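Novice: First, the structure itself, so that you have it in front of you.
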Amino acid sequence: MLGRTGFVRQSIASGGVDVVVDQIQTQTNALLTLSSTGGTVTADGNEQVLLVIDEPLGCSEPLALWVSLDNMQGGDTTVIRVYHRLSDAGALELWHYTSYTGADGGLANSKTAIVTDLKPNRHGWEITLEQTAGVNRDYTWEVFVRM
């Protein structure tokens, strides 16, 4: 609408629209929440579950698994596995398998930790650690997930 100055006046409704846009933005920001979990597990010779997300309500986006191999010594072997479920009530299927042997898991260049990239999932996933040889060690781990 033109006023005396010839400029278009802002609609009274636009204030309400701004509020709705702000509410939508707040809800959208809340949808993509980065979270993490982790801890320390003492290996016992069995395949031990670090984390399982079983039948999430929606899609989850696991981003990365970090594991410290700093406590490993010569003669130790540790296996990291990631399983992925492809359908509702389906079996967990092995997607990623890596074995580390020796001091610091055999990592070079003074590295003592590994990171495994994880993939989006709709039906569930599981991460395990198994020390298959050597003296049982403590492993510190952390997983980042966007949900």
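Novice: Please go through (1) surrounded by 10 or more Cβ atoms within 10 Å (Cβ to Cβ); (2) within 25 Å of residue 116 (Cβ to Cβ); (3) modelled with pLDDT of 70 or more for residue 55 and return the number of the only condition it doesn't satisfy.
Specialist: (3)
Novice: Could you pull out the residue among 138, 70, 88 that is acidic (Asp, Glu) and either under 21 Å from residue 33 (Cβ atoms) or in contact with a strand residue (DSSP E or B) (Cβ under 6 Å, 6 or more places away or on another chain) (or both)?
Specialist: After applying the criteria, what remains is 138.
Novice: Could you please find all residues in the stretch 103-132 being over 16 Å from residue 67 (Cβ atoms), without any contact (Cβ under 8 Å) to a residue 60 or more places away in the chain and surrounded by 12 or more Cβ atoms within 10 Å (Cβ to Cβ)?
Specialist: Matches in the stretch 103-132: 119 only.
Novice: Continuing with the same structure: Only strands (runs of 3 or more DSSP E) wholly contained in the stretch 37-91 count here; list those with 3 or more residues that are within 26 Å of residue 110 (Cα to Cα).
Specialist: The qualifying strands (runs of 3 or more DSSP E) are 61-68, 77-85.
The values are calculated or read from the model by the stated rules, or taken from the named source; none is laboratory data. This one's a predicted model, so the numbers in the text were calculated from it and none came from an experiment. Every residue, glycine among them, receives a Cβ derived from its backbone with ideal geometry; neighbour counts consider all protein chains shown.
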